[in-house]
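Remarks on the structure that follows.
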Amino acid sequence: MDPPEVELVEPPPILPDDQQEQQPPLQIDQNQDNQVDQNQFQDRIGDEEDDPIAQLMVSLEYDDSTSLNQVLSQNSAEFVTETVHNDWPFVIWAVHFGAIECLELLLAAGANVDTQAEDQDGSTPLILAVKLMRLDLVESLLERLCNPNLPDSMQNTALHHAVRLDDLDC
């Protein structure tokens, strides 16, 4: 008896590097001990005192889970699902900044682990973590049972990006 025929499906193409949008590296002032300048952080939080979205963004930028917890406790549960600057939800900003403690807090507060950016790229948090080659963020998202098969707007999954970056650890 012959085995049944199996239809092979080609995966979506992986775009060349020159067609992939790259994120600029994060610039945070750090002292000689590689610690974030707390005075700079406090100045930024103080400047944004009446704007919870700005406070949350500063907390993400500095991965300050204490400040983030304060902002989250003062706002509704739906607050964590809002889409902000660049049409990115907070959870994608947390990945962009590499703010793992804040990412965990946002997910615990109800942020969607599989949310997609509403920009032209349509990356998920997992895809962005892979693009940034942040294994710690990838592991955290997978532990939260994110869907690794969700594609971006070009139909590339996190695995496609990992292969393209030649970083199969992610």
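On the basis of being under 17 Å from the mean Cα position of the chain (by Cα) and at pLDDT 85 or above, does D64 make the cut? So D64 fits the description; yes. Are any of the residues in region 158-170 in a loop (DSSP other than H, G, I, E, B) and surrounded by 15 or more Cβ atoms within 10 Å (Cβ to Cβ)? Yes: one or more hits.
Quick grid of which residues meet (1) surrounded by fewer than 16 Cβ atoms within 10 Å (Cβ to Cβ); (2) small (G, A, S):
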residue	(1), (2)
A77	yes, yes
L128	no, no
L135	yes, no
D152	no, no
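Please specify each residue of region 124-145 satisfying the condition of being of a type in the set (K, R) and within 12 Å of the chain's Cα centre (by Cα). The answer is K131, R134.
Conditions (1) at pLDDT below 50; (2) assigned to a loop (DSSP other than H, G, I, E, B); (3) open to solvent by less than 80 Å² (accessible area, probe 1.4 Å), marked per residue:
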{"residue": "P11", "(1), (2), (3)": "yes, yes, no"}
{"residue": "N39", "(1), (2), (3)": "no, no, no"}
{"residue": "Q55", "(1), (2), (3)": "no, no, yes"}
{"residue": "W93", "(1), (2), (3)": "no, no, yes"}
{"residue": "C102", "(1), (2), (3)": "no, no, yes"}
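For region 116-126, taking the residues that are open to solvent by 30 Å² or more (accessible area, probe 1.4 Å) and polar (S, T, N, Q), the one that is nearest to I92 (Cα to Cα) is identified as Q116. The single residue among D121, D166, D152, D87 that is touching a residue at least 40 places away in the same chain (Cβ under 8 Å) and over 12 Å from the mean Cα position of the chain (by Cα) turns out to be D121.
The values are calculated or read from the model by the stated rules, or taken from the named source; none is laboratory data. A quick note: this is a predicted structure, and the numbers were derived from the prediction, not measured. Using ideal geometry, Cβ is built from the backbone for each residue, glycine included, and neighbour counts are taken over all protein chains shown. These area figures cover heavy atoms from the full protein model, side chains too; ligands, DNA and RNA do not enter into them. Shrake-Rupley method; radii C 1.70, N 1.55, O 1.52, S 1.80 Å.
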